[in-house]
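The values are calculated or read from the model by the stated rules, or taken from the named source; none is laboratory data. No experiment lies behind these values; they were computed from the predicted model shown. Counting neighbours? That spans all protein chains shown, and the Cβs are built from the backbone with ideal geometry, glycine included.
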Amino acid sequence: MMIEIKHRFTGSVICSFEVETVKNAVIEAVKIGADLSGANLSGANLSDANLIGADLRGADLRGANLSGADLSGANLSDANLSGADLRGADLSGANLSGANLSGANLSYADLRGADLSSADLSGANLSDANLSDANLIGADLSGANLSYADLRGADLSSADLSGANLSDANLSDANLIGADLSGAYLSDANLIGAYLRGAYLRGADLSGANLRGEIIAIAPVLIYGLYWQVMISESYMKIGCKRFSHDDWALFDDNAIEGMHNYALKFWTVNKTGLLAMCAAHREESLRHRAENQVTVSA
(Lines give C-alpha, C1' and ligand atoms only; values in the text may rest on other atoms or scores of the structure.)
Protein backbone atom coordinates (compact mmCIF):
# COMPACT_ATOMS: atom_id res chain seq x y z
CA MET A 1 0.00 0.00 0.00
CA MET A 2 1.32 3.44 -0.89
CA ILE A 3 1.16 5.81 2.09
CA GLU A 4 1.61 9.49 1.37
CA ILE A 5 2.63 12.11 3.93
CA LYS A 6 1.21 15.46 2.91
CA HIS A 7 1.82 19.05 3.93
CA ARG A 8 -0.76 20.37 6.38
CA PHE A 9 -1.38 23.61 4.49
CA THR A 10 -0.63 23.01 0.80
CA GLY A 11 -1.68 19.37 0.60
CA SER A 12 1.41 18.63 -1.47
CA VAL A 13 3.03 15.22 -1.02
CA ILE A 14 6.17 15.45 1.14
CA CYS A 15 7.10 11.80 0.70
CA SER A 16 5.50 8.41 0.11
CA PHE A 17 6.37 4.82 0.97
CA GLU A 18 5.12 1.37 0.08
CA VAL A 19 4.17 0.36 3.63
CA GLU A 20 1.09 -0.75 5.52
CA THR A 21 0.62 2.06 8.03
CA VAL A 22 1.20 5.77 8.53
CA LYS A 23 3.45 4.88 11.45
CA ASN A 24 5.72 2.82 9.22
CA ALA A 25 5.77 5.61 6.64
CA VAL A 26 6.87 8.16 9.26
CA ILE A 27 9.50 5.79 10.63
CA GLU A 28 10.91 5.28 7.12
CA ALA A 29 10.90 9.04 6.50
CA VAL A 30 12.86 9.65 9.70
CA LYS A 31 15.33 6.89 8.79
CA ILE A 32 16.29 8.67 5.57
CA GLY A 33 16.36 12.09 7.24
CA ALA A 34 13.34 13.43 5.38
CA ASP A 35 12.14 16.95 6.11
CA LEU A 36 8.72 16.46 7.70
CA SER A 37 8.23 20.07 8.65
CA GLY A 38 4.59 21.04 8.22
CA ALA A 39 3.49 17.41 7.81
CA ASN A 40 -0.17 16.57 8.41
CA LEU A 41 -0.11 13.75 10.96
CA SER A 42 -3.16 14.69 13.00
CA GLY A 43 -4.69 11.70 14.73
CA ALA A 44 -1.90 9.40 13.58
CA ASN A 45 -0.97 6.36 15.66
CA LEU A 46 2.77 6.71 16.24
CA SER A 47 2.93 4.89 19.55
CA ASP A 48 6.34 3.41 20.40
CA ALA A 49 7.77 4.70 17.12
CA ASN A 50 11.49 5.43 16.78
CA LEU A 51 11.53 9.08 15.74
CA ILE A 52 14.91 10.08 17.13
CA GLY A 53 16.05 13.39 15.67
CA ALA A 54 12.94 13.75 13.50
CA ASP A 55 12.36 17.09 11.77
CA LEU A 56 8.72 17.82 12.57
CA ARG A 57 8.83 21.59 12.73
CA GLY A 58 5.35 23.05 12.46
CA ALA A 59 3.82 19.60 11.94
CA ASP A 60 0.15 18.97 12.70
CA LEU A 61 0.07 16.24 15.35
CA ARG A 62 -3.23 17.15 16.98
CA GLY A 63 -4.66 14.19 18.81
CA ALA A 64 -1.84 11.94 17.66
CA ASN A 65 -0.87 8.89 19.70
CA LEU A 66 2.83 9.24 20.50
CA SER A 67 2.78 7.26 23.74
CA GLY A 68 6.09 5.54 24.31
CA ALA A 69 7.59 7.10 21.17
CA ASP A 70 11.27 8.03 21.08
CA LEU A 71 11.47 11.68 20.00
CA SER A 72 14.75 12.44 21.70
CA GLY A 73 16.55 15.26 19.92
CA ALA A 74 13.59 15.81 17.59
CA ASN A 75 12.67 19.25 16.28
CA LEU A 76 9.01 19.92 17.05
CA SER A 77 9.23 23.69 17.25
CA ASP A 78 5.88 25.36 16.49
CA ALA A 79 4.25 21.95 16.02
CA ASN A 80 0.60 21.48 16.97
CA LEU A 81 0.40 18.67 19.52
CA SER A 82 -2.78 19.78 21.23
CA GLY A 83 -4.60 16.86 22.79
CA ALA A 84 -1.82 14.45 21.78
CA ASP A 85 -1.02 11.35 23.82
CA LEU A 86 2.64 11.54 24.80
CA ARG A 87 2.53 9.36 27.89
CA GLY A 88 5.94 7.90 28.61
CA ALA A 89 7.43 9.42 25.44
CA ASP A 90 11.14 10.23 25.29
CA LEU A 91 11.46 13.92 24.41
CA SER A 92 14.82 14.47 26.06
CA GLY A 93 16.73 17.24 24.33
CA ALA A 94 13.85 17.84 21.92
CA ASN A 95 13.04 21.30 20.55
CA LEU A 96 9.42 22.10 21.40
CA SER A 97 9.77 25.87 21.46
CA GLY A 98 6.53 27.57 20.52
CA ALA A 99 4.73 24.23 20.23
CA ASN A 100 1.05 23.88 21.06
CA LEU A 101 0.74 21.15 23.70
CA SER A 102 -2.47 22.39 25.26
CA GLY A 103 -4.42 19.53 26.79
CA ALA A 104 -1.73 17.01 25.83
CA ASN A 105 -1.01 14.02 28.05
CA LEU A 106 2.69 14.02 28.94
CA SER A 107 2.51 12.00 32.14
CA TYR A 108 5.75 10.10 32.81
CA ALA A 109 7.32 11.68 29.69
CA ASP A 110 11.07 12.28 29.62
CA LEU A 111 11.62 15.97 28.85
CA ARG A 112 15.08 16.35 30.36
CA GLY A 113 16.87 19.30 28.80
CA ALA A 114 14.04 19.89 26.31
CA ASP A 115 13.39 23.36 24.93
CA LEU A 116 9.79 24.28 25.74
CA SER A 117 10.27 28.03 25.70
CA SER A 118 7.05 29.89 24.83
CA ALA A 119 5.23 26.56 24.40
CA ASP A 120 1.52 26.32 25.18
CA LEU A 121 1.10 23.64 27.84
CA SER A 122 -2.11 25.01 29.30
CA GLY A 123 -4.22 22.26 30.80
CA ALA A 124 -1.62 19.63 29.91
CA ASN A 125 -1.02 16.58 32.08
CA LEU A 126 2.65 16.50 33.10
CA SER A 127 2.25 14.45 36.26
CA ASP A 128 5.39 12.46 37.08
CA ALA A 129 7.13 13.89 34.00
CA ASN A 130 10.89 14.49 34.07
CA LEU A 131 11.50 18.14 33.18
CA SER A 132 14.86 18.52 34.90
CA ASP A 133 16.99 21.25 33.29
CA ALA A 134 14.24 21.93 30.73
CA ASN A 135 13.86 25.38 29.20
CA LEU A 136 10.33 26.60 29.99
CA ILE A 137 10.97 30.32 29.70
CA GLY A 138 7.73 32.11 28.98
CA ALA A 139 5.79 28.86 28.64
CA ASP A 140 2.05 28.77 29.33
CA LEU A 141 1.44 26.12 31.99
CA SER A 142 -1.75 27.60 33.34
CA GLY A 143 -3.99 24.93 34.79
CA ALA A 144 -1.46 22.21 33.98
CA ASN A 145 -1.03 19.14 36.16
CA LEU A 146 2.60 18.96 37.28
CA SER A 147 2.07 16.88 40.40
CA TYR A 148 5.14 14.79 41.27
CA ALA A 149 6.98 16.26 38.24
CA ASP A 150 10.77 16.54 38.37
CA LEU A 151 11.60 20.19 37.62
CA ARG A 152 15.05 20.31 39.21
CA GLY A 153 17.11 23.06 37.62
CA ALA A 154 14.37 23.89 35.11
CA ASP A 155 14.12 27.45 33.83
CA LEU A 156 10.56 28.65 34.38
CA SER A 157 11.31 32.35 34.36
CA SER A 158 8.33 34.42 33.22
CA ALA A 159 6.28 31.23 32.79
CA ASP A 160 2.52 31.25 33.44
CA LEU A 161 1.81 28.67 36.14
CA SER A 162 -1.41 30.23 37.36
CA GLY A 163 -3.74 27.62 38.75
CA ALA A 164 -1.25 24.82 38.04
CA ASN A 165 -1.04 21.75 40.24
CA LEU A 166 2.55 21.44 41.47
CA SER A 167 1.83 19.33 44.53
CA ASP A 168 4.79 17.13 45.47
CA ALA A 169 6.77 18.50 42.50
CA ASN A 170 10.55 18.82 42.81
CA LEU A 171 11.44 22.43 42.00
CA SER A 172 14.82 22.47 43.71
CA ASP A 173 17.17 24.98 42.07
CA ALA A 174 14.49 25.86 39.51
CA ASN A 175 14.41 29.39 38.11
CA LEU A 176 10.99 30.91 38.84
CA ILE A 177 12.00 34.54 38.49
CA GLY A 178 9.00 36.55 37.30
CA ALA A 179 6.80 33.46 37.04
CA ASP A 180 3.05 33.74 37.62
CA LEU A 181 2.14 31.24 40.34
CA SER A 182 -1.10 32.88 41.35
CA GLY A 183 -3.57 30.31 42.60
CA ALA A 184 -1.07 27.50 42.02
CA TYR A 185 -1.17 24.44 44.25
CA LEU A 186 2.33 23.84 45.67
CA SER A 187 1.44 21.63 48.59
CA ASP A 188 4.43 19.49 49.67
CA ALA A 189 6.54 20.78 46.75
CA ASN A 190 10.33 20.94 47.10
CA LEU A 191 11.43 24.56 46.59
CA ILE A 192 14.90 24.28 48.13
CA GLY A 193 17.24 26.58 46.23
CA ALA A 194 14.48 27.77 43.88
CA TYR A 195 14.77 31.34 42.61
CA LEU A 196 11.51 33.16 43.34
CA ARG A 197 12.50 36.79 42.84
CA GLY A 198 9.60 38.67 41.30
CA ALA A 199 7.39 35.58 41.24
CA TYR A 200 3.68 36.29 41.65
CA LEU A 201 2.35 34.02 44.40
CA ARG A 202 -0.96 35.61 45.30
CA GLY A 203 -3.46 32.91 46.26
CA ALA A 204 -0.89 30.11 45.92
CA ASP A 205 -1.13 27.17 48.32
CA LEU A 206 2.33 26.47 49.78
CA SER A 207 1.20 24.33 52.70
CA GLY A 208 3.73 21.59 53.39
CA ALA A 209 6.15 22.97 50.78
CA ASN A 210 9.87 22.73 51.55
CA LEU A 211 11.36 26.21 51.20
CA ARG A 212 15.11 26.08 51.80
CA GLY A 213 14.69 23.35 54.39
CA GLU A 214 11.69 24.97 56.08
CA ILE A 215 8.50 22.94 55.85
CA ILE A 216 5.62 25.36 55.36
CA ALA A 217 2.59 24.69 57.55
CA ILE A 218 0.39 27.46 56.16
CA ALA A 219 0.74 29.68 53.12
CA PRO A 220 3.32 32.44 53.63
CA VAL A 221 2.22 36.05 53.85
CA LEU A 222 3.04 37.88 50.62
CA ILE A 223 3.23 41.66 50.59
CA TYR A 224 3.23 43.57 47.33
CA GLY A 225 3.40 47.30 46.66
CA LEU A 226 6.43 48.08 48.80
CA TYR A 227 9.85 48.86 47.36
CA TRP A 228 10.62 45.12 47.62
CA GLN A 229 8.30 42.14 47.65
CA VAL A 230 8.09 40.61 51.13
CA MET A 231 7.41 36.97 51.97
CA ILE A 232 6.87 35.91 55.59
CA SER A 233 6.89 32.26 56.58
CA GLU A 234 6.78 30.71 60.05
CA SER A 235 10.45 31.30 60.86
CA TYR A 236 11.82 33.47 58.05
CA MET A 237 11.16 36.74 56.29
CA LYS A 238 12.43 37.44 52.79
CA ILE A 239 12.65 41.06 51.69
CA GLY A 240 13.70 41.29 48.07
CA CYS A 241 16.56 38.79 47.81
CA LYS A 242 17.49 38.94 51.52
CA ARG A 243 16.15 36.06 53.62
CA PHE A 244 16.80 35.83 57.35
CA SER A 245 15.05 34.44 60.40
CA HIS A 246 12.57 36.65 62.24
CA ASP A 247 15.00 36.88 65.15
CA ASP A 248 17.87 37.95 62.89
CA TRP A 249 15.78 40.72 61.35
CA ALA A 250 14.82 41.96 64.82
CA LEU A 251 18.46 42.03 65.97
CA PHE A 252 20.04 43.72 62.94
CA ASP A 253 21.43 47.14 63.79
CA ASP A 254 21.39 50.10 61.41
CA ASN A 255 24.86 49.35 60.07
CA ALA A 256 23.89 45.79 59.12
CA ILE A 257 20.73 46.97 57.38
CA GLU A 258 22.49 49.82 55.59
CA GLY A 259 25.05 47.37 54.20
CA MET A 260 22.35 45.40 52.40
CA HIS A 261 21.31 48.15 49.97
CA ASN A 262 21.58 51.93 49.74
CA TYR A 263 17.80 52.24 50.32
CA ALA A 264 17.56 49.45 52.90
CA LEU A 265 17.87 51.58 56.05
CA LYS A 266 15.16 54.01 54.99
CA PHE A 267 12.89 51.09 54.04
CA TRP A 268 13.54 49.30 57.34
CA THR A 269 13.02 52.40 59.44
CA VAL A 270 9.57 52.91 57.94
CA ASN A 271 8.46 49.26 57.83
CA LYS A 272 10.32 47.45 60.62
CA THR A 273 7.64 47.60 63.31
CA GLY A 274 4.81 46.53 61.04
CA LEU A 275 6.75 43.72 59.39
CA LEU A 276 8.03 42.24 62.64
CA ALA A 277 4.49 42.36 64.07
CA MET A 278 3.30 40.42 61.00
CA CYS A 279 6.11 37.91 61.52
CA ALA A 280 5.02 37.31 65.11
CA ALA A 281 1.36 36.98 64.16
CA HIS A 282 2.10 34.61 61.29
CA ARG A 283 4.35 32.44 63.43
CA GLU A 284 1.67 32.19 66.11
CA GLU A 285 -0.93 31.15 63.52
CA SER A 286 1.46 28.66 61.93
CA LEU A 287 2.35 27.02 65.25
CA ARG A 288 -1.31 26.78 66.16
CA HIS A 289 -1.98 25.07 62.81
CA ARG A 290 0.85 22.62 63.46
CA ALA A 291 -0.49 21.75 66.90
CA GLU A 292 -3.99 21.21 65.56
CA ASN A 293 -2.92 19.18 62.53
CA GLN A 294 0.28 17.55 63.82
CA VAL A 295 2.39 19.03 61.01
CA THR A 296 6.15 18.39 61.31
CA VAL A 297 8.46 21.36 61.78
CA SER A 298 11.39 20.40 59.57
CA ALA A 299 12.33 18.09 56.70
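Here are the numbers for the structure shown:
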| quantity | calculated |
| --- | --- |
| Single unsatisfied condition, Gly163 versus (1) modelled with pLDDT under 95; (2) assigned to a loop (DSSP other than H, G, I, E, B) | (1) |
| So Asp254, is it at pLDDT 95 or above and either closer than 22 Å to Leu156 by Cα or out of contact with any strand residue (DSSP E or B) (no Cβ under 9 Å at 6 or more places or on another chain) (or both) | yes |
| The listed residue being modelled with pLDDT of 95 or more and either under 22 Å from Ile27 (Cβ atoms) or assigned to a strand (DSSP E or B) (or both), out of Ser97, Ser82, Ser92 | Ser92 |
| Checklist (1) over 26 Å from Glu284 (Cβ atoms); (2) surrounded by 19 or more Cβ atoms within 10 Å (Cβ to Cβ); (3) out of contact with any Phe, Trp or Tyr (no Cβ under 6 Å at 6 or more places or on another chain) applied to Arg197, failing item | (2) |
| Unmet criterion (only one of (1) farther than 30 Å from Arg152 by Cα; (2) part of a loop (DSSP other than H, G, I, E, B)) for Ala217 | (1) |
| Residue list for the range 1-12, filter: within 23 Å of Ser77 (Cβ to Cβ) and part of a strand (DSSP E or B) | Ile5, Lys6, His7 |
| Pairs, first of a type in the set (Phe, Trp, Tyr) in the range 133-150, second in a loop (DSSP other than H, G, I, E, B), C-beta under 7 Å, six or more apart | Tyr148/Ser127; Tyr148/Asp128; Tyr148/Asp168; Tyr148/Ala169 |
| Among residues of the range 15-39, those that are part of a strand (DSSP E or B) and either crowded, with 19+ Cβ neighbours inside 10 Å or at pLDDT below 95 (or both), counted | 2 |
